[in-house]
Amino acid sequence: MTAKIEEKEPKRSKKEEGLNTRGSQSYGAKDIMVLEGLDPVRKRPGMYIGSTGTDGLHHLIWEVWDNAIDEAMAGYAKHIIVELHSDGSVSVTDDGRGIPVEVHQQTKKSTLETVMTVLHAGGKFGSDSYKVSGGLHGVGVSVVNALSTDVRVEVCRDGNRYVQEYKKGVPQDKVKKIGTSTATGTKVTFSPDSEIFSTVEWNAVRIAERLRQQAYLTGVRVTFIDRRGGRIGVQGFWFEGGLTSFVKHITRDKKRLQDEIFYAHKPWQNMDVEIAFIYTDDIEARELSFVNTINTPDGGMHSTGFRSALTRSINAYARAEGYLKEKDENLISEDTREGLVNIISVKLPEPQFEGQTKARLGTPDARTAVEAVANETLKEFFEKHPGDARAIMEKVLLAAKARRAAKAAKETVLRKGALEGLTLPGKLADCSSKSAEESELFIVEGDSAGGSAKSGRDRRTQAILPLRGKILNVEKARLDRMLANQEIRSLVVAIGTAIADEFDLSKLRYHKIVLMSDADVDGAHIRTLLLTFFYRYFRKVIEGGYLYIAQPPLYRIQAGSHISYAYNDQQKETTLEEIRKTRAAKEKLKGKEKQIKEETAEEQDATSDASENQVGDMKGISIQRYKGLGEMNPQQLWETTMNPENRVLLQVTIDDAELADRLFDMLMGEEVDARKQFIQTQALAVKNLDI
C-alpha cells in the first residue's frame, strides 16, 4: 500500500491564468500541444494498456506475444519462448519469418523501425499478411517500446541476423547486420520503465497460466524460462486435443456429470467457431472466451451467442422429451449455466474490441456465427448422447428449482426486511460518521477480541462487527441456506449492498472492510471462509479495492521500559539485534562493568513479572507471543492493528480470477483428494504452526 500526498497549487492571478478583460479564458495556437511519435503513449499509458499497475505491466508481455502467436496462427511459427531475466527484463522469441528490415516506402525508414516506433503500423492492416490476428490495432509492440527504458530487437531472415536498440521508444542507431543465420524469427527483449509502472515485479504463476492457455488454443509449442532468483526454472507447454484437453484440465478436480465433453468446430462464413463444454456438480459456472487466441474476460458477442443458443436448445430438448410440461415456465440462462465449464474460441479477420486491452468483443456477426453453430451441434449432441443429455437436464432442472427457492428466501430476508425497516445487527458497534469514504468496518473473530476492538477503536470512523465462531462455508451452500444463517445475515445487512441481483455497490456503507482474525490455524480458517464469502457474493467489493486483511503483531518485545512489536519472526530477530547493538554501544561508551550493573538493576525491576527474562546472551528481555487478538488489551489493539498511523493492512486483490476460483474450489469445495494433495505438498512450507 502506498499513500498519495496531494499538493495544492499556489493561487494564481487572473493574468497568470490567462483571462482576458471579459473574463473568458484565452485559447490560441500556443495552447495546443502536439505529441509526436510515441509521446502520446508515455503521456497517457492507461489509454493503451489499461493501467500502470500489475495488470498493465503484464499486458506488455501479451502485446509482444500477440505478434509471435500471429505468426503461429499464420502457419509460420511453431515454437515460442518467453524468458524472465534476473535484471527484470523480458524476452519473447519466435521462429516465424522475422520482421522485415528493408526500407519502408511510406516512412523511408527500415520496416523494423517503422513497426517499433509508429503507432498503427504493422502487418495486421493488410489483407494478405495475416488472415486473422490478435494484435489487431497495430499499436502493441510500439507501445511496449514507448513504455520501456530499453528495448532490443533481433531479427533473423534472409540468411542474416539484424539488431536495433531503443531507449524509451527512441532508436539508438539504424538497423545493423551483425552476422549470418540459417534460422528465421524475431526476439524482442524489453525492460519496463519504473517511472511509468507502480511496480515492476513479474508474476511467474500468472504468466505460466496464460502461456498454458495459449498452448491449448493454438497447438504451438511454448517454453517459459524464469532466470530470476539465482536459479533457472523451465516449463514447457504443448498439448494435443485443443479445447477438449483444455476443458479436461480445468475440470481435473471436479466431478463431471457427462461422459463425453461437448465439442464443435465449424466454419461460418469468414469465421472459425470452436466450442467445448462440460457440466460439473459445482454451483458456479466457469466460462472462458477467446478471439483470435486473445482472452476476452468480459465476454462479448460470442459469449452472448453461445448462452442464447444453449438456453434455447436445452428448453427445446426438455419440452420435446417431457422434462418440461406445458404449464412449466422456460428455463433461464442462469439455470442452464450452473456448473457449466465452457470455452469459446472464434477466429475472424477484423474483430471489433471494446478498448485497446481487448477485454470484450463487440463484433455483432460473432454472435450470429456462434449461435448458429451451437444451435446445430447441440441438437446433434443431445440425440447422439442421450445419457449425457439426461444428466444435463437433471442438473439444470435442479438449478431452476434452487433458483426459485433462493429467490423466495432472498425476498423474505432482504426485500421484506427492507420494507419493514430491517435494522442493523445488534452486535454491530457502528461508527458515528455517515460518510462511507472515511468509514471502516472491522470484522473481528470472537466476542473477546470484539470487546477489545470496541473499546480501543476510533468511534467516529471505525465500526466493529464480532463474529461468533466460524461462518457457514458458502462454497458448499446455496443462497437460500446461506441467508438463513444468522452470522451471514448480519454481514450482509452491515455491508449494506444487499446480495445477488439486488446487489448495489453504491450502497456500500464502509470503504474499508477489514478482516481481523487470530494468527493461528482457526484464525486462518475463519479468514478463508470470509474470503470465500466475499469472492463468491461480493466480488465487486474486492475489485473496488474495499477489502483488507489486518496484520496484528505476533510478538510484543519489552526491554526495560521500551516496548516494540514484531509482525513476523524476521522482525523479531531484527528487533533483538537492534537491542543487542544498542546495549553494546552503551557498554562501550560508559564502561562495560558499570553499564552492566546499572542496566541489570533497572531491567530486573521493570520486568519482574515477565514470562521470559533472557534471550540468548541478553538478560531482562520479555517476549510475548500473541496467539489471539483477545490477548491484547484495547490500547495494544489500537496501537498495533487499528491506528491508521501505525497499522499494516493487506489489500485483497484478484490478479487472476481463474486461479482464485480454482483455489477456493480446492480449499473450500467438495473434492477432498485435491485438498489433501495440496496440504501434503505445502506442509513443509508452513512455519510456526499453532495447533
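The values are calculated or read from the model by the stated rules, or taken from the named source; none is laboratory data. On a predicted model such as this, the values are computed, not experimentally measured, just so you know. Here the Cβ is made from the backbone with ideal geometry for all residues, glycine too, and neighbour counts use every protein chain on show. The accessibility values were calculated without ligands, DNA or RNA, using every heavy atom of the protein model including side chains. Shrake-Rupley method; radii C 1.70, N 1.55, O 1.52, S 1.80 Å.
At 1.4 Å probe size, with every protein chain present, just tell me what the per residue accessible area of segment 221-281 comes to in Å². Kindly include the intermediate steps, with their values, before the conclusion.
On the way: 3180 Å² over 61 residues.
Ligands and nucleic acids excluded, the figure is 52 Å² per residue.
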Original post:
What are the residues whose amide H is under 5 Å from the amide H of residue 472, where those residues sit 5 or more places off or on another chain and H is modelled from the backbone?
Top reply: 488
Original post:
Once phi is turned into ³J(HN,Hα) by the Karplus curve 6.51 cos²θ - 1.76 cosθ + 1.60 with θ = phi - 60°, what whole-Hz value does each residue of segment 550-559 show in order, with x for glycine and proline?
Top reply: 6, 10, x, x, 8, 9, 10, 10, 10, 10
**OP:** Holding the Cα-Cα limit at 28 Å, pick out from 427/572; 78/108; 109/167 the pairs that are longer than that.
**Re:** 427/572; 78/108
**OP:** Take every Cα pair under 8 Å in segment 507-566 that's 6+ residues apart, average their separations, divide by the length, and report that relative contact order as a whole percent.
**Re:** 34
Original post:
Which percent of the accessible area of segment 461-530 is formed by carbon and sulfur heavy atoms (probe 1.4 angstrom)?
Top reply: 44
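Counting alpha carbon pairs within less than 8 Å and at least 6 residues apart, what relative contact order, in whole percent, applies to segment 231-349?
Details: 167 pairs, mean separation 40.9, N = 119.
Contact order relative to length: 34 percent.
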Subject >> Mean Cα-pair separation over length for segment 412-542, i.e. relative contact order, pairs under 8 Å, 6 or more apart, % >> reply: 29
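Can you check what the net charge comes to around residue 432, using other residues whose Cβ is under 15 Å from the Cβ of residue 432 (Lys, Arg +1; Asp, Glu -1)?
Working: positive: 434, 454, 457, 459, 460, 509; negative: 430, 437, 438, 440, 458.
That works out to +1.
Shape of segment 234-291 from its Cα gyration tensor (a ≥ b ≥ c, root eigenvalues): rounded if a/c is under 1.5, otherwise prolate when a/b > b/c, or oblate?
Working: a/c = 1.98, a/b = 1.25, b/c = 1.59.
Taking the square roots of the gyration eigenvalues as a ≥ b ≥ c, segment 234-291 is oblate.
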**OP:** Give a residue-ordered list of calculated ³J(HN,Hα) values for segment 262-278 (Karplus: 6.51 cos²θ - 1.76 cosθ + 1.60, θ = phi - 60°; whole Hz; x for Gly, Pro).
**Re:** 5, 9, 9, 8, 9, x, 9, 6, 9, 10, 10, 10, 9, 9, 9, 7, 8
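Once you sort the root eigenvalues of the Cα gyration tensor of segment 69-110 as a ≥ b ≥ c, which label holds: rounded (a/c under 1.5), prolate (a/b larger than b/c) or oblate (the other case)?
Details: a/c = 3.79, a/b = 1.39, b/c = 2.73.
Taking the square roots of the gyration eigenvalues as a ≥ b ≥ c, segment 69-110 is oblate.
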**OP:** Under 1.5 on a/c is rounded, so check that first for segment 480-526, then, if it is not, pick prolate when a/b is larger than b/c and oblate when it is not; a ≥ b ≥ c are the square roots of the alpha carbon gyration tensor eigenvalues.
**Re:** oblate
